[in-house]
Amino acid sequence: MRFLPKLLALALFLPAIAFAQPAPQSEPALRIGGVVGHSLVLTGREVAALPHQAVKVADEKGTPVTYEGVPVFEVLRRAEIPLGKDLHGKSMTLYVMVIASDGYRAVFALPELYPAFSDRSVLIADRRDGKNLPLAEGPFRIVVPGEKRHGRWVRNVTALKIEQPTD
Ligand SMILES: Nc1nc2c(c(=O)[nH]1)N[C@H]1C(S)=C(S)[C@@H](COP(=O)(O)O)O[C@H]1N2
Ligand SMILES: [Mo]
(Lines give C-alpha, C1' and ligand atoms only; values in the text may rest on other atoms or scores of the structure.)
(Ligands and ions follow the chains in the order given, each with its own letter.)
Protein backbone atom coordinates (compact mmCIF):
# COMPACT_ATOMS: atom_id res chain seq x y z
CA MET A 1 0.00 0.00 0.00
CA ARG A 2 2.96 2.31 0.67
CA PHE A 3 3.66 2.22 -3.04
CA LEU A 4 0.23 3.45 -3.97
CA PRO A 5 0.98 7.17 -3.65
CA LYS A 6 4.15 6.66 -5.68
CA LEU A 7 2.24 4.74 -8.34
CA LEU A 8 -0.37 7.46 -8.45
CA ALA A 9 2.29 10.12 -8.79
CA LEU A 10 3.87 8.12 -11.61
CA ALA A 11 0.52 7.65 -13.33
CA LEU A 12 -0.05 11.39 -13.19
CA PHE A 13 3.46 12.18 -14.31
CA LEU A 14 3.68 9.77 -17.26
CA PRO A 15 1.43 11.77 -19.59
CA ALA A 16 3.58 14.82 -18.83
CA ILE A 17 6.65 12.87 -19.98
CA ALA A 18 4.80 11.75 -23.10
CA PHE A 19 3.86 15.34 -23.96
CA ALA A 20 7.36 16.57 -23.22
CA GLN A 21 8.79 14.34 -25.98
CA PRO A 22 10.01 16.43 -28.89
CA ALA A 23 7.52 16.30 -31.73
CA PRO A 24 8.60 13.85 -34.44
CA GLN A 25 10.39 15.58 -37.31
CA SER A 26 7.31 16.62 -39.22
CA GLU A 27 7.70 16.13 -42.93
CA PRO A 28 5.46 18.40 -44.96
CA ALA A 29 2.18 16.60 -45.37
CA LEU A 30 -1.05 16.86 -47.25
CA ARG A 31 -4.18 15.67 -45.44
CA ILE A 32 -7.19 14.44 -47.37
CA GLY A 33 -10.32 13.97 -45.30
CA GLY A 34 -14.01 14.65 -44.94
CA VAL A 35 -16.55 12.77 -47.06
CA VAL A 36 -14.10 10.10 -48.27
CA GLY A 37 -13.82 6.33 -48.00
CA HIS A 38 -10.71 6.74 -45.87
CA SER A 39 -8.67 9.74 -44.80
CA LEU A 40 -5.10 10.03 -46.06
CA VAL A 41 -1.95 11.84 -45.08
CA LEU A 42 0.58 12.04 -47.90
CA THR A 43 4.17 13.16 -47.34
CA GLY A 44 5.99 15.30 -49.86
CA ARG A 45 7.83 12.19 -50.99
CA GLU A 46 4.57 10.28 -51.49
CA VAL A 47 3.10 13.14 -53.50
CA ALA A 48 6.31 13.30 -55.57
CA ALA A 49 5.89 9.61 -56.42
CA LEU A 50 2.38 10.07 -57.89
CA PRO A 51 1.90 10.61 -61.65
CA HIS A 52 2.70 14.22 -62.53
CA GLN A 53 1.63 16.58 -65.29
CA ALA A 54 3.56 19.64 -66.41
CA VAL A 55 1.68 22.81 -67.36
CA LYS A 56 2.95 26.07 -68.80
CA VAL A 57 0.99 28.94 -67.30
CA ALA A 58 1.39 32.64 -66.59
CA ASP A 59 1.80 33.55 -62.95
CA GLU A 60 -0.31 36.38 -61.47
CA LYS A 61 2.19 38.94 -62.84
CA GLY A 62 2.04 37.40 -66.31
CA THR A 63 5.47 35.76 -66.17
CA PRO A 64 5.53 32.36 -67.94
CA VAL A 65 6.21 29.52 -65.53
CA THR A 66 6.10 25.73 -65.69
CA TYR A 67 4.49 23.94 -62.78
CA GLU A 68 4.60 20.20 -62.29
CA GLY A 69 2.04 18.51 -60.09
CA VAL A 70 -0.45 15.77 -59.46
CA PRO A 71 -4.04 16.18 -60.64
CA VAL A 72 -6.14 16.81 -57.51
CA PHE A 73 -8.44 14.10 -58.78
CA GLU A 74 -5.63 11.50 -58.49
CA VAL A 75 -5.19 12.34 -54.82
CA LEU A 76 -8.93 12.28 -54.13
CA ARG A 77 -9.21 8.94 -55.92
CA ARG A 78 -6.72 7.44 -53.47
CA ALA A 79 -8.91 8.61 -50.59
CA GLU A 80 -11.84 6.82 -52.27
CA ILE A 81 -14.15 9.70 -53.04
CA PRO A 82 -17.42 8.71 -54.77
CA LEU A 83 -16.37 7.74 -58.29
CA GLY A 84 -17.68 6.67 -61.67
CA LYS A 85 -21.42 6.32 -61.87
CA ASP A 86 -21.62 7.34 -58.22
CA LEU A 87 -20.87 10.95 -59.19
CA HIS A 88 -24.43 12.04 -59.85
CA GLY A 89 -27.48 12.95 -57.83
CA LYS A 90 -26.51 13.92 -54.32
CA SER A 91 -22.79 13.68 -55.17
CA MET A 92 -23.21 16.68 -57.48
CA THR A 93 -23.15 18.88 -54.38
CA LEU A 94 -19.78 17.59 -53.14
CA TYR A 95 -17.02 20.18 -53.01
CA VAL A 96 -13.39 20.30 -52.00
CA MET A 97 -12.24 22.84 -49.43
CA VAL A 98 -8.55 23.61 -49.98
CA ILE A 99 -6.91 24.70 -46.73
CA ALA A 100 -3.58 26.53 -46.45
CA SER A 101 -1.17 27.01 -43.54
CA ASP A 102 -2.08 30.72 -43.27
CA GLY A 103 -5.78 29.89 -42.94
CA TYR A 104 -6.55 30.86 -46.56
CA ARG A 105 -9.22 28.67 -48.14
CA ALA A 106 -10.79 28.13 -51.54
CA VAL A 107 -13.45 25.79 -52.88
CA PHE A 108 -13.71 23.61 -55.98
CA ALA A 109 -16.87 21.74 -56.89
CA LEU A 110 -16.03 18.06 -57.41
CA PRO A 111 -17.04 18.01 -61.11
CA GLU A 112 -14.45 20.76 -61.77
CA LEU A 113 -11.79 18.24 -60.77
CA TYR A 114 -13.32 15.17 -62.32
CA PRO A 115 -11.94 14.02 -65.71
CA ALA A 116 -15.34 12.74 -66.86
CA PHE A 117 -16.62 16.34 -66.56
CA SER A 118 -13.61 18.48 -67.41
CA ASP A 119 -10.52 18.31 -69.62
CA ARG A 120 -8.79 20.78 -67.33
CA SER A 121 -6.48 19.21 -64.73
CA VAL A 122 -6.39 21.22 -61.53
CA LEU A 123 -3.00 20.35 -60.06
CA ILE A 124 -1.41 20.03 -56.68
CA ALA A 125 1.92 21.39 -57.81
CA ASP A 126 5.13 20.53 -56.00
CA ARG A 127 7.63 21.82 -58.57
CA ARG A 128 8.12 25.11 -60.38
CA ASP A 129 10.51 25.50 -63.30
CA GLY A 130 12.15 22.17 -62.46
CA LYS A 131 12.76 22.88 -58.76
CA ASN A 132 10.89 22.26 -55.54
CA LEU A 133 8.47 25.09 -54.83
CA PRO A 134 9.94 28.03 -52.91
CA LEU A 135 8.93 28.28 -49.22
CA ALA A 136 6.42 31.04 -49.97
CA GLU A 137 4.43 28.67 -52.18
CA GLY A 138 5.28 25.15 -51.11
CA PRO A 139 5.48 22.43 -50.47
CA PHE A 140 2.15 22.22 -52.31
CA ARG A 141 0.27 24.76 -54.38
CA ILE A 142 -2.95 24.56 -56.35
CA VAL A 143 -2.54 25.47 -60.02
CA VAL A 144 -5.63 26.01 -62.18
CA PRO A 145 -4.63 26.11 -65.86
CA GLY A 146 -6.75 28.62 -67.76
CA GLU A 147 -8.08 30.39 -64.66
CA LYS A 148 -7.12 34.07 -65.14
CA ARG A 149 -7.52 35.34 -61.58
CA HIS A 150 -5.39 33.37 -59.15
CA GLY A 151 -7.51 33.56 -56.02
CA ARG A 152 -7.89 29.76 -56.04
CA TRP A 153 -4.21 29.07 -56.73
CA VAL A 154 -3.79 28.32 -53.04
CA ARG A 155 -0.19 28.40 -51.76
CA ASN A 156 1.12 26.32 -48.82
CA VAL A 157 -1.72 23.80 -49.03
CA THR A 158 -1.96 21.56 -45.96
CA ALA A 159 -5.32 19.84 -46.45
CA LEU A 160 -8.11 18.98 -48.84
CA LYS A 161 -11.44 18.46 -47.15
CA ILE A 162 -14.30 16.96 -49.10
CA GLU A 163 -17.55 18.43 -47.87
CA GLN A 164 -21.24 18.41 -48.68
CA PRO A 165 -24.00 20.77 -47.64
CA THR A 166 -26.13 19.12 -44.97
CA ASP A 167 -29.56 20.19 -46.27
N1 LIG B 1 -2.17 30.44 -48.83
C2 LIG B 1 -2.56 31.45 -49.63
N3 LIG B 1 -2.67 31.23 -50.94
C4 LIG B 1 -3.07 32.23 -51.77
C5 LIG B 1 -3.40 33.51 -51.26
C6 LIG B 1 -3.27 33.70 -49.85
O7 LIG B 1 -3.53 34.78 -49.29
N8 LIG B 1 -2.83 32.64 -49.06
N9 LIG B 1 -3.82 34.50 -52.12
C10 LIG B 1 -4.35 34.07 -53.43
C11 LIG B 1 -4.49 35.16 -54.37
S12 LIG B 1 -5.79 36.22 -54.10
C13 LIG B 1 -3.67 35.29 -55.47
S14 LIG B 1 -3.94 36.47 -56.63
C15 LIG B 1 -2.52 34.39 -55.67
C16 LIG B 1 -1.23 35.17 -55.89
O17 LIG B 1 -0.21 34.27 -56.18
P18 LIG B 1 1.33 34.72 -56.18
O19 LIG B 1 1.65 35.21 -54.80
O20 LIG B 1 2.11 33.51 -56.56
O21 LIG B 1 1.45 35.82 -57.21
O22 LIG B 1 -2.33 33.50 -54.59
C23 LIG B 1 -3.51 32.97 -54.07
N24 LIG B 1 -3.15 31.95 -53.10
MO1 LIG C 1 -5.72 37.76 -55.85
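Remarks
- Count of segment 77-104 residues which are at pLDDT below 95 and closer than 20 Å to residue 144 by Cα: 2
- With respect to (1) surrounded by fewer than 22 Cβ atoms within 10 Å (Cβ to Cβ); (2) under 27 Å from residue 28 (Cα atoms), the lone exception for residue 69 is condition (1).
- Complete set of residues in segment 119-167 that are in contact with a strand residue (DSSP E or B) (Cβ under 8 Å, 6 or more places away or on another chain) and without any contact (Cβ under 8 Å) to a residue 12 or more places away in the chain: 132, 133, 134
The values are calculated or read from the model by the stated rules, or taken from the named source; none is laboratory data. Here the structure is a predicted model, which means the values were calculated and not measured. Methodologically, a virtual Cβ is constructed for each residue, glycine included, from the backbone with ideal geometry; neighbour enumeration extends over all protein chains shown.
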